[in-house]
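The values are calculated or read from the model by the stated rules, or taken from the named source; none is laboratory data. Owing to the predicted nature of the structure, the values given are computational and were not obtained by experimental measurement. When we count neighbours, we look across all protein chains shown, and the Cβ atoms used for this are built from the backbone with ideal geometry, even at glycine. When the accessible area is computed, the model is the full protein with side chains, heavy atoms only, and any ligands, DNA or RNA have been set aside. Shrake-Rupley method; radii C 1.70, N 1.55, O 1.52, S 1.80 Å.
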2 protein chains.
Amino acid sequence: MAKIKCIISYDGSGFAGYQIQPGLRTVQGQIENVLARIHKGKAVRVYASGRTDSGVHAIGQTIHFETDNPMAPERWKQALNAMLPDDIHVMETNQVPDTFHARFDVVEKEYHYIVYRGQEADVFKRNYAYHFPYPLDIAQMQQACQYLQGTHDFTTFSSAKSTAKGSRERTLFAVSCSEEGDELTFVFRGSGYLYNMVRIMVGTLLDIGQGKMKADAIPELFARKDRSLAGKTAPPQGLYLWHVTYGAQ
Amino acid sequence: MAKIKCIISYDGSGFAGYQIQPGLRTVQGQIENVLARIHKGKAVRVYASGRTDSGVHAIGQTIHFETDNPMAPERWKQALNAMLPDDIHVMETNQVPDTFHARFDVVEKEYHYIVYRGQEADVFKRNYAYHFPYPLDIAQMQQACQYLQGTHDFTTFSSAKSTAKGSRERTLFAVSCSEEGDELTFVFRGSGYLYNMVRIMVGTLLDIGQGKMKADAIPELFARKDRSLAGKTAPPQGLYLWHVTYGAQ
């Protein structure tokens, strides 16, 4: 048996999310489908760094699977791309030690969230950015990014539907907000995330940009552990799972 | 009755082309559908500068229709956008003289064709550019663009399926090819085009870029009036109807 790690990108627009669900088109479903064909009908389970919701994109999602197929590790890329639909693309494949796990060995995950600020709707961006044509105080938002960094209990910034057991403490190593032309990009680098955490942080940052809340209110938000105090969950199409970092293997 | 001119953009990915066809999702079909609802079920015909094929995009397609609805001309933009699906967007509406015709009054049409040259497939570009990861001689292609400019019989560069009656002479005012990062953009500005003409010119330019043909072979291609001598029809997803120019109204 060999363990194969793959870095994959996908356009989330056509999927009911990453995770396999009966009767729905999912990223995991498409990949397991192809792997079953390669393994003569035998089911091969795929493990990812984590799920992404319906409409959320990935540039560097990472998965692993085990195989008894003797194919050279670097040939898996070509084999999978030849059979996968064109909204999933395998960027890189390589063999990893048996002890590797795409979810449990994550050291850092980076998400980007793109906001399109143009006044006019852009049909080419509707699935790939959040259209938000309102005035924003960028300096306030950048200050708020500083307050989000560090180790905190993120209950206030997670969905009430979150099923995370145990600690709700997570560490954000870096949070930033940068403007280029009519696009605003938020970058989050963190040890891990609660359910909807990035989208709720973005919704809150946009509230702060609109002056509905002050950047320095964030410490109080953390302390209150109350989802209703944070901003709305920003829509999925602006969100990209950008990169997953693992320790030395 | 008022005649309303609209400049519209659409993402061609989800349409079986511009022109209405029974049972298929088309741009014209969606717009006439909305206009019928605004006119209490009465059919309102829409006239465009020309058709675009399935998968072809528009930034500045132009249409007109006649209406007995007393709505202010500038309010049509908002009314249509509120009811149209989000892959069609009306950029601008205004009233035009009764004599205006979106197709017959065209003075110039500008098309762009985008080629993505990265080695790796990009899931986010698959519907919006032609992925062509092969070496190209840009200088040869730019020279070929010069040969395409001017007034010629474009039979060699039109689909055998073309239904154009009368003269196959057209004038290209400007043809260019420019490189930016891993994208190549062809721009065509012309008086009019035969069926598939832009995509066949692009296919031929790419053949020239690959050295399968020389730039200075183009005069001979025009003279022979034989479609089989030109390159393949480049795929639709790289093509954008960019702008339509009308004379002073």
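Calculate for chain A the 222 nm mean residue ellipticity that helices alone would give, adding -39,500 (n - 2.57) per DSSP H run of length 4 or more and normalising by residue count, nearest 500 deg cm²/dmol.
Values: 5 runs with 51 residues, N = 249.
It lands at -6000 deg cm²/dmol.
For chain B, divide the Cα radius of gyration by the Kirkwood radius and give the resulting Rg/Rh value with two decimals.
On the way: Rg = 19.2 Å, Rh = 19.1 Å.
Answer for chain B: 1.00.
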Going by amide H atoms built from the backbone, whose H comes under 5 Å of the H on residue B:243, apart from near neighbours? B:60, B:110
If you average over every viewing direction, what projected area does the convex hull of the Cα atoms of region A:107-246 give, in nm²? 8.2 nm²
How well do other chains shield peptide A:4-15, expressed as the mean number of their Cβ atoms within 10 Å of each residue Cβ? 2
Placing one identical point scatterer on every Cα of the protein assembly as shown and ignoring solvent, what is log10 I(q)/I(0) from the Debye formula at q = 0.11 Å⁻¹? -1.08
Work out from phi, with θ = phi - 60° and the Karplus expression 6.51 cos²θ - 1.76 cosθ + 1.60, the ³J(HN,Hα) of each residue of region A:230-245, listed in order in whole Hz, and give x for Gly and Pro. 8, x, 5, 6, 5, x, x, 5, x, 9, 10, 6, 8, 7, 10, 10
Return P(r) of region B:1-87 (all Cα-Cα pairs; 10 Å bins starting at 0; whole %; ordered from short to long distances). 17, 55, 26, 2
Solvent-accessible area buried by pairing B with A, both sides, nearest 100 square angstrom, 1.4 angstrom probe: 1600 Å²
Given A:161/A:214; B:125/B:232; B:125/B:165; B:40/B:77; A:125/B:109, the pairs whose alpha carbons are separated by over 29 Å: B:125/B:165
With a Förster radius of 56 Å, plug the Cβ-Cβ distance of residue B:107 and residue A:99 into 1/(1 + (r/R0)^6) and report the FRET value to the nearest 0.05. 0.25
I need the trypsin sites (Lys or Arg not before Pro) found in region A:183-249, filtered to DSSP loop residues with at most 11 other beta carbons within 10 Å of theirs. A:212
May I ask you to give the solvent-accessible area per residue for region B:95-212, in square angstrom, as obtained with a 1.4 angstrom probe? 45 Å²
Could you pull the copy-to-copy label distances for residue B:235, with points set 7 Å along Cα to Cβ, in nm to one decimal and sorted shortest first? 2.7
Karplus-derived HN-Hα couplings along region B:144-156 (A = 6.51, B = -1.76, C = 1.60, θ = phi - 60°), whole Hz, x at Gly and Pro: 4, 4, 4, 5, 6, 5, x, 9, 9, 7, 9, 3, 4
Pop a pseudo-label 7 angstrom from the Cα along the beta-carbon direction at both residue B:78 and residue A:185 and give the gap in nm to one decimal. 3.5 nm
